[in-house]
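Engineer: Dropping the structure in here first, questions after.
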């Protein structure tokens, strides 16, 4: 048994141990679904960032950067980080005030409509099942590489671990393990980075080495990245599109904004968003620099999604490699448990809409749904459905197109009615699916502002307006909407707001720091090496 296999087994054992401990604390449906609404800042930030990063960040996004698109990813992440700040301010804290257990249930209460609840639940199941599938695939791929076991065996081990843990402990265990695993993979990556930088000739020399190397992908260091034969405008618009998608996704999606329902108070929601935004910008920039540092060492890796796995085996000391790969494994396991729990909760509570006789009966049924959803995801994973990155980004786009307009309008519009909200959700969902199918299957050139995502978003907004015409809001809708804008007395302490301002100014300072870093250590020296000053290059 290799040291890598031992590392994986230890990781799984600790994961299960924590899950068992957390499961013993589950006493009712609120504990199982929303962690008793008592999670602190560190845990909300940990579960949001861990579930967002997952194996997609470590394997899919690093492969994209390795292929020449680090600047594209930096732009995407900058926009994504905005969602962690805007989302809590304009939606997340109001979601917590609703005191619901799932996001589809929020829409049900807000618009007094079971059909909206059911459709939102179906959307949740479709989108997050795709996420769950991508994470199981990534985790299985990593385990196969580390242990040498057959692919199907690795998928079975991953599925068993994820399902058994989520089956017992629910969201309480998910939040705890997500946070611990987040701390672990952050530390593991930070420790592993210097070994890659040193092997590549030093981080200070990385820019010079990449400019001089004929193996460097075209456009890697340019503002537009590797265009892949497309125009510069196309790749930049692609980055803007996906950045807006992720900004909406982290702001209103059930696996990100839904974490806010677990927060101890509204100040926790804002502060955890700031921490998540900080990690999205700084940590991911660090991770992507590690990825492109491997280009001079081995520019011809057969499977770019394994670029960090190759580095762990070939570049780092064995112990550091074990720590890094185990960290990636934990990212996948923790994220999969998040997706599995959210899908299962929405399926049992919102889609099926069963009138349970007791909370105990609801808990029992939900746990069996967890088992069923896990088995279905395992079946698709064994068939090798799609690639990690494509599957994940498809899922985020569905949520942003279908929910974005309704989520924000549910808080800030006094014109949106039940019919308008329902039409908006359905229109955004099918507007995206139909236009995406035309683009991929019929070759219709839908790019830039005509990207299927923007089409879905526009359709959603138009349907919200048209659907609301001629219909008045019910008294229940008006009352619930007014309740959302009533600040609870417990949220009005001056000391809490002073602390919030510290987080806010810290985020501003972080933005200045990363901007100066990219200009001083990237843009200016790159243009010098290319023989052009910055002004003439921008022209």
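The values are calculated or read from the model by the stated rules, or taken from the named source; none is laboratory data. Keep in mind the model is a prediction, meaning the values are calculated, not measured. Don't worry about glycine lacking a Cβ; one is built from the backbone with ideal geometry, like all the others, and counts go over all protein chains shown.
Engineer: Go through region 243-273 and report how many residues are within 16 Å of the chain's Cα centre (by Cα) and buried (at least 24 other Cβ atoms within 10 Å of the Cβ).
Structural biologist: 17
Engineer: List, please: which pairs have Cβ atoms under 6 Å, are six or more places apart or on different chains, and start with a residue in region 421-438 that is crowded, with 21+ Cβ neighbours inside 10 Å and end with one that is outside any helix (DSSP H, G or I)?
Structural biologist: Going by the 6 Å Cβ cut-off, the qualifying pairs are 435/446.
Engineer: Check off (1) without any contact (Cβ under 8 Å) to a residue 40 or more places away in the chain; (2) more than 17 Å from residue 254 (Cα to Cα); (3) in contact with a helix residue (DSSP H, G or I) (Cβ under 9 Å, 6 or more places away or on another chain) for residue 443 and give me the number that stays unchecked.
Structural biologist: Status for residue 443: all satisfied but (3).
Engineer: Mind listing whichever residues of region 44-69 are surrounded by fewer than 24 Cβ atoms within 10 Å (Cβ to Cβ) and within 19 Å of the chain's Cα centre (by Cα)?
Structural biologist: Within region 44-69, 60, 63, 64 qualify.
Engineer: Kindly indicate whether residue 494 is surrounded by fewer than 12 Cβ atoms within 10 Å (Cβ to Cβ) and more than 30 Å from the chain's Cα centre (by Cα).
Structural biologist: Against the criterion (surrounded by fewer than 12 Cβ atoms within 10 Å (Cβ to Cβ) and more than 30 Å from the chain's Cα centre (by Cα)), residue 494 qualifies.
Engineer: Additional query: Applying the selection to region 159-183, what residues are surrounded by fewer than 22 Cβ atoms within 10 Å (Cβ to Cβ) and either out of contact with any helix residue (DSSP H, G or I) (no Cβ under 6 Å at 6 or more places or on another chain) or on the phi > 0 side of the Ramachandran plot (or both)?
Structural biologist: 160, 164, 180, 183 - these are the residues of region 159-183 that are surrounded by fewer than 22 Cβ atoms within 10 Å (Cβ to Cβ) and either out of contact with any helix residue (DSSP H, G or I) (no Cβ under 6 Å at 6 or more places or on another chain) or on the phi > 0 side of the Ramachandran plot (or both).
Engineer: Specify which of the listed residues (220, 156, 186) is assigned to a helix (DSSP H, G or I) and either buried (at least 22 other Cβ atoms within 10 Å of the Cβ) or modelled with pLDDT of 85 or more (or both).
Structural biologist: 186
Engineer: Identify, please: which residue in region 485-496 is assigned to a helix (DSSP H, G or I) and in contact with a helix residue (DSSP H, G or I) (Cβ under 8 Å, 6 or more places away or on another chain) and is, among those, farthest from residue 97 (Cα to Cα)?
Structural biologist: Applying the filter and picking the extreme gives 496.
Engineer: Hey, does region 74-81 have a residue that's in the same structural domain as residue 281 (by TED's automatic domain parsing), at pLDDT 90 or above and out of contact with any helix residue (DSSP H, G or I) (no Cβ under 6 Å at 6 or more places or on another chain)?
Structural biologist: Yes; the residues of region 74-81 include at least one that is in the same structural domain as residue 281 (by TED's automatic domain parsing), at pLDDT 90 or above and out of contact with any helix residue (DSSP H, G or I) (no Cβ under 6 Å at 6 or more places or on another chain).
One line per residue, one yes/no per condition, for (1) on the phi < 0 side of the Ramachandran plot; (2) modelled with pLDDT of 90 or more; (3) buried (at least 24 other Cβ atoms within 10 Å of the Cβ):
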site	(1), (2), (3)
101	yes, no, no
118	yes, yes, no
122	yes, no, no
125	yes, no, no
128	yes, no, yes
133	yes, no, yes
